[in-house]
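Everything on this sheet refers to the single structure shown next.
What follows is calculated from the coordinates using simple rules that are stated; it is not laboratory data. Keep in mind the model is a prediction, meaning the values are calculated, not measured. Glycine gets a Cβ as well: all are built from the backbone with ideal geometry, and neighbour counts include every protein chain shown.
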Amino acid sequence: MADGVRVLVTDIGSVLFKFDPEHRFELLAARTGLQRGDLERLLFDSGFETRCEAGEFAPDQIRDQVAEMTGFDGTTEELSELWTSAFTLDEAVLTCLTDTNLTLAIFSNNGPLFADYFDTRFPEVAGWFRHRFFACRLGARKPEQAAFEVVEDRLGESVGVEPRQLLLIDDSRKNTAAAAQRGWQVHTFTDASALPHLVAATK
């Protein structure tokens, strides 16, 4: 399956990082005084987070919008820390990927509160991923074809690879299906147990 792979392209939430949105809600609730349900309605159900992911707002603009909606009175840096608190590195996944010695890339729908603070929030990970593709910087979100096209073009220019030499590891079947349609190799992630066999096939 992984024959000819030169670049491992990984999702962030629920793949490279364990994702716990409840922890984020707990911290946001404590910081704003709002109930979890109100925060979910204002920040997520409203479509605000999707707009952030699509790149409509810069980090400081996101902070101002969140302040208006929730009464949050902290800095943009603090808000980024609260936002990214939902993510915890899965060290087993990182080890599997780095042991391949292949080029590593991130392809994520996360917005600026993650993308712009990636180096400072997660320095133990950032050094391994020189190629980073966040939806807020691509102008499109997975599984939109436009997002995949930009990643293909940029990796083609910087690494000299074709779509068939890319392996996407993502927990969303919609995303892996979209990649497969473009000729990428794909793996729909459920847990880290399948990764050693998968990456062994790339060596």
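Distance between the pseudo-spin-label points of Asp45 and Arg173 (7 Å out from Cα toward the beta carbon): 2.7 nm.
Going from the fewest other Cβ atoms within 10 Å to the most, the residues Thr70, Thr120 appear in the order Thr120, Thr70. As a length-normalised measure over Cα pairs under 8 Å and 6 or more apart, the relative contact order of the range 19-85 settles at 38 percent. Ordering Pro123, Gln185, Leu16 by the projection of their Cα atoms onto the charge dipole of the chain, which places +1 on the Cβ of Lys and Arg and -1 on the Cβ of Asp and Glu, puts Gln185 at the extreme positive end. For Glu152, the shell of other residues with beta-carbons less than 11 Å away shows a net charge of -1, using +1 for Lys and Arg and -1 for Asp and Glu. Determine the percent antiparallel among the DSSP beta bridges restricted to the chain, to the nearest 5. Beta bridges within the chain, antiparallel portion: roughly 15 percent. Only the Cβ atoms of Lys and Arg (+1) and of Asp and Glu (-1) were treated as charged; on that basis the dipole of the range 19-85 about its Cα centre amounts to roughly 120 debye. Each of Val151, Val161 was scored by other Cβ atoms within 10 Å of its Cβ. Arranged with the fewest first, they read Val161, Val151. Taking the three principal axes of the alpha carbon atoms in the range 87-203, the coordinate ranges are 33, 31, 27 Å, sorted in descending order. Based on Cα contacts under 8 Å between residues 6+ apart, the chain shows a relative contact order of 32 percent. With both labels modelled 7 Å from their Cα along Cα-to-Cβ, the Glu22 to Thr88 distance reads 1.2 nm.
Contact order, relative form, for the range 76-163: 25 percent (alpha carbon pairs under 8 Å, 6 or more residues apart, mean separation divided by residue count). Farthest toward the positive end of the dipole of the chain, out of Leu39, Thr103, Pro59, is the Cα of Thr103, where the dipole comes from beta carbon charges about the Cα centre. Distance from the alpha carbon centroid of the range 120-166 to that of the range 1-78 works out to 20 angstrom.
In this Cβ point-charge picture (+1 for Lys and Arg, -1 for Asp and Glu), the chain has a dipole of about 640 debye about its Cα centre. Once the C-beta distance of Arg154 and Asp64 is scaled by a Förster radius of 30 Å, the resulting FRET efficiency is 0.45 to the nearest 0.05. Kirkwood radius and radius of gyration were both taken over the C-alpha atoms of the chain, and their ratio Rg/Rh is 0.99. Under 1.5 on a/c is rounded, so check that first for the range 1-64, then, if it is not, pick prolate when a/b is larger than b/c and oblate when it is not; a ≥ b ≥ c are the square roots of the alpha carbon gyration tensor eigenvalues. Prolate is the answer for the range 1-64, as a/c is 1.5 or above and a/b outweighs b/c. Note on Gln181 and Thr98: their simple-model spin labels are 3.6 nm apart, each label 7 Å out from Cα toward Cβ.
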